[in-house]
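Down below is the structure, laid out as structure tokens.
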Ligand code: FES
């Protein structure tokens, strides 16, 4: 197997970030979540290698760390995308037509919830209530909430994630 120098450098850099974060937070009560947040913030992903190092550094099993990473929607073991769209699937938004948005997402944009575009421009996740229940369906793009989203609005949100394209 050939491993490029840049791959080795990236791994060494990741190792250093993870080890520094673990060293600075390991004595905090319940250190795992703060460590995961800090690592994710700095690296944009929590790789299998990072999971191993965090487990070793906090004296936890790999399964414990992996379980927390996969339980929380805010973490991902895949590299982060440039944009994140969250669609609300909770009851009030479902009653207001959120399923139509999901269907449109698949048929018009070829994306399912939980997937991302091949160019890692946009990922779509589900969320269960954004606090906009009275004016659903609700969505959130890069932390900004949007109410009464219809298919045209969804198209505009997605178009806004394309470089150089403005939301009309
Ligand atoms: S149910 Fe969708 S915002 Fe509350």
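The values are calculated or read from the model by the stated rules, or taken from the named source; none is laboratory data. Worth saying up front: this structure is predicted, and the values here are computed from it rather than measured. Cβ sites come from the backbone with ideal geometry, for glycine too, and all protein chains shown count toward neighbours.
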Please specify each residue of the stretch 106-126 satisfying the condition of being within 16 Å of the ligand (Cβ to nearest atom) and within 19 Å of residue 82 (Cβ to Cβ).
113, 124, 125
Tell me yes or no: at least one residue of the stretch 68-86 is surrounded by 18 or more Cβ atoms within 10 Å (Cβ to Cβ), within 30 Å of residue 132 (Cβ to Cβ) and within 16 Å of the ligand (Cβ to nearest atom).
yes
In the stretch 108-125, what count of residues is obtained for those that are in contact with a strand residue (DSSP E or B) (Cβ under 7 Å, 6 or more places away or on another chain) and either within 13 Å of residue 155 (Cβ to Cβ) or not in a loop (DSSP other than H, G, I, E, B) (or both)?
6
Return the pairs, sorted by first residue and then second, in which the second residue is within 8 Å of the ligand (Cβ to nearest atom) and in a helix (DSSP H, G or I), the first residue lies in the stretch 86-104 and is without any contact (Cβ under 8 Å) to a residue 40 or more places away in the chain, the beta carbons are less than 8 Å apart, and the residues are 6+ apart or on different chains.
89/98
Residue count, the stretch 14-47, condition within 16 Å of the chain's Cα centre (by Cα), part of a helix (DSSP H, G or I) and either farther than 16 Å from residue 61 by Cα or at pLDDT below 90 (or both), comes to 7
Residues satisfying the stated conditions in the stretch 45-55, i.e. surrounded by 14 or more Cβ atoms within 10 Å (Cβ to Cβ) and over 10 Å from residue 18 (Cβ atoms)
45, 55
Could you please find all residues in the stretch 127-152 being within 15 Å of the ligand (Cβ to nearest atom), under 11 Å from residue 84 (Cα atoms) and surrounded by 13 or more Cβ atoms within 10 Å (Cβ to Cβ)?
139, 140, 141
Residue within the stretch 85-103 that is touching a helix residue (DSSP H, G or I) at 6+ places or on another chain (Cβ under 9 Å) and under 27 Å from residue 39 (Cβ atoms) present
yes
So which of 137, 79 ends up being part of a loop (DSSP other than H, G, I, E, B), in contact (Cβ under 8 Å) with a residue 40 or more places away in the chain and in contact with a helix residue (DSSP H, G or I) (Cβ under 6 Å, 6 or more places away or on another chain)?
137
Kindly indicate which of 85, 101, 105 is in contact with a strand residue (DSSP E or B) (Cβ under 8 Å, 6 or more places away or on another chain), closer than 19 Å to residue 125 by Cα and part of a strand (DSSP E or B).
85
